[in-house]
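Nothing in this text is a laboratory measurement; each read-out follows from the coordinates by a stated rule. Just so it is clear, the structure is predicted and the values come from calculations on it, not from any experiment. FYI the Cβ positions are ideal-geometry reconstructions off the backbone, even for glycines, and counts take in every protein chain you see.
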Amino acid sequence: MKQGMLGTSGKGSARLWLLAVLAAVAFVGINQRLKLAPRQSVSVEIRVALPLFVQVAMAGGDRYLAANASAIRALWTDNFKMKREEFAILAKVQEDVAWLNPGHEDNYYIAAAILPWYDEVDAAQRILARATVARRFDYQPAFYYAFNLLHFKGDAAGASAWMREAADHLPEGQDRLQMQNLAAIWLDRAGDLDLAIRVVEAMARQSNRSDFRHYLEQRVVRLQMLRELRVAAAAYRQRVGSPPAKLDDLLKAGLIAEIPKVPFGFGFDIDKQGQVVLRNLPPEKPEGKR
């Protein structure tokens, strides 16, 4: 009797051992096939933007909690692995946060850092504009808005206006002064010189510091000189039929009495299109002179 039971037990152990071996072989085989199979990147968390009412309902009616949940989604998204079209969804998620909680700091900061660089400038600007209104104590949303206008849109006048807005969010002091100065400098690149002159004149009148007011007044003089030279260059083009190659051409044509000396900076130059521009670097010295 005992021998029969031992025999049965031995056969059972053999079957278990055989099944274990087969399972191990199957596991190895399946694992090898999975390694060879093509893999797709998964970023499900940013492939859909839920409607606003659904977000609020899922947060139990708390709009600020809903904003935090969506902001966390944006924060944890690996944008290095995202496809181009997925950034439009990220922009929608972040715009929803801006509607639910316009003053959400992480949201506007992430939007400014990522969205403009992936063709979502307008979405970033809407988020930053709402944050600017909601966060009167914070200069950064207006600062980023100004930068985007200049860098991505080429709107120097608009960028200057938003930089002045950013300065207004700061208390009186050196930081505010530096932003106002940057706003004035950017106006050198404005296409409408008359507007630029009026804005810098207004900034000078509103300045509480006499030294900064005098500095801005000198910038006005510089812009006025630039405007006069451009008028002369336009007259030269009309008379000769081609743009001037250098400022001396205007002088020789009798269109200006002298080449103006600027209060500061490096003077004026003529670009390849024949447009008079402010020089950003000192003029090159002739060879052999030091």
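First check a/c for the stretch 47-135, with a ≥ b ≥ c the square roots of the eigenvalues of its C-alpha gyration tensor; if it is under 1.5, answer rounded, and if not, answer prolate when a/b is larger than b/c or oblate otherwise.
Note, shape of the stretch 47-135 comes out oblate.
Could you tally the net charge around ARG176, taking each other residue with its Cβ under 13 Å from the Cβ of ARG176, Lys/Arg +1 and Asp/Glu -1?
Local charge sum for ARG176: -2.
Test of understanding: what is the full-extension gain from ASP119 to ASN208, defined as 0.36 nm times their sequence separation minus their Cα-Cα distance?
Numbers: separation 89, 0.36 × 89 = 32.04 nm, distance 4.04 nm.
So the extension gain works out to 28.0 nm.
At a Förster distance of 35 Å, what's the computed FRET efficiency of LEU278 paired with LEU52, Cβ-Cβ distance as r, to 0.05?
It comes to 0.15.
In the stretch 112-127, whose amide N lies under 18 Å from the spot 7 Å out along Cα-to-Cβ of LYS83? List them in ranges.
Once the point is set 7 Å along Cα→Cβ of LYS83, 118-120 turn out to lie under 18 Å by backbone N, inside the stretch 112-127.
May I ask you to derive the FRET efficiency for GLN238 and ILE185 from their Cβ-Cβ distance with R0 = 35 Å, giving the value to the nearest 0.05?
Working: r = 32 Å, r/R0 = 0.90.
Between GLN238 and ILE185 the formula returns 0.65.
Determine which residues of the stretch 120-154 fall in the zone a paramagnetic label at ASP269 would reach in this model, i.e. backbone nitrogen under 16 Å from the point 7 Å along Cα→Cβ.
No residue passes the distance filter.
What is the spin-label model distance, in nm, from TYR64 to ILE259 if the labels are put 7 Å beyond Cα along the C-beta direction?
6.3
Label GLN218 and PHE137 with points 7 Å out from Cα along Cα→Cβ: what is the distance between them in nm?
The two pseudo-label positions are separated by 3.8 nm.
Which loop-located chymotrypsin sites (Phe, Trp or Tyr not before Pro) does the stretch 216-266 contain, where loop means any DSSP state but H, G, I, E or B and the Cβ has at most 14 other Cβ atoms within 10 Å?
In loop regions of the stretch 216-266 (DSSP not H, G, I, E or B), the sparsely surrounded chymotrypsin sites (Phe, Trp or Tyr not before Pro) are PHE264, PHE266.
Less than 10 Å Cβ to Cβ from GLU201, Lys/Arg counted +1 and Asp/Glu -1: what total charge do the surrounding residues give? Please report the intermediate quantities before stating the final value.
Values: positive: ARG198, ARG205, ARG219; negative: GLU217.
Here the count lands on +2.
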